[in-house]
Amino acid sequence: MNILRSSTLALALVTLSACSSSGGAAPTISGLSITPTDITVGAATTLNGQFDFTDADGDLSDVTMTIQRGTQTSSLPRAPIQGVGGQKSGKAGFAALFQAGAAGPVEVHVTAYDGAGNVSNELTTTLTVR
């Protein structure tokens, strides 16, 4: 009985927070570029990414990156975006270390968040591992 009550309470809190006002509109991102686009199998490679953004509240804060190869998906933790505090539009950059174990195409999915937790649209690009 206590387990059921705890689960119900947790679900109610999640539902209430999802329905509450988040403090503004979600950011919008476009124009994703990631370099390098060709990666060597087994080499640790720094992926440098950049995208354009608009955020009416000027509180763009974090970025996530998911790497997908076929049915395998690996998500990197949310990372802070530096140097965009208070800006309502502009370019945002990020970097991540990546090491591919096999040759072939790799899809990279990027999403941004603002300070209120609003989630942007997702951008995707493909990298080639040789």
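What follows draws every value from the coordinates through simple rules; no lab data is involved. These numbers were taken from a predicted model, which means no experiment stands behind them. For neighbour counting, all protein chains shown are included, and Cβ atoms are generated from backbone atoms with ideal geometry for every residue, glycine included.
Which of the peptides 105-112, 77-84 is most tightly packed, and how do the rest follow, going by the mean number of other Cβ atoms within 10 Å of each residue?
Working: 105-112: 18.5, 77-84: 12.9.
The peptides rank, most packed first, as 105-112, 77-84.
Under 14 Å from the Cβ of residue 117, count the other residues' Cβ atoms, weight Lys and Arg +1, Asp and Glu -1, and hand me the total.
Working: positive: 78; negative: 55, 57, 59, 62, 114.
With Lys, Arg at +1 and Asp, Glu at -1, the net is -4.
What is the local net charge at residue 61, summed over the other residues whose Cβ is closer than 15 Å to its Cβ (Lys, Arg +1; Asp, Glu -1)? Provide the component values of the computation, followed by the final result.
Details: positive: 78, 88; negative: 55, 57, 59, 62, 114.
Overall, the nearby charge balance is -3.
When averaged across all projection directions, what area in nm² does the alpha-carbon convex hull of region 22-129 cover?
Working: hull surface 25.2 nm².
So the mean shadow area of the Cα hull is 6.3 nm².
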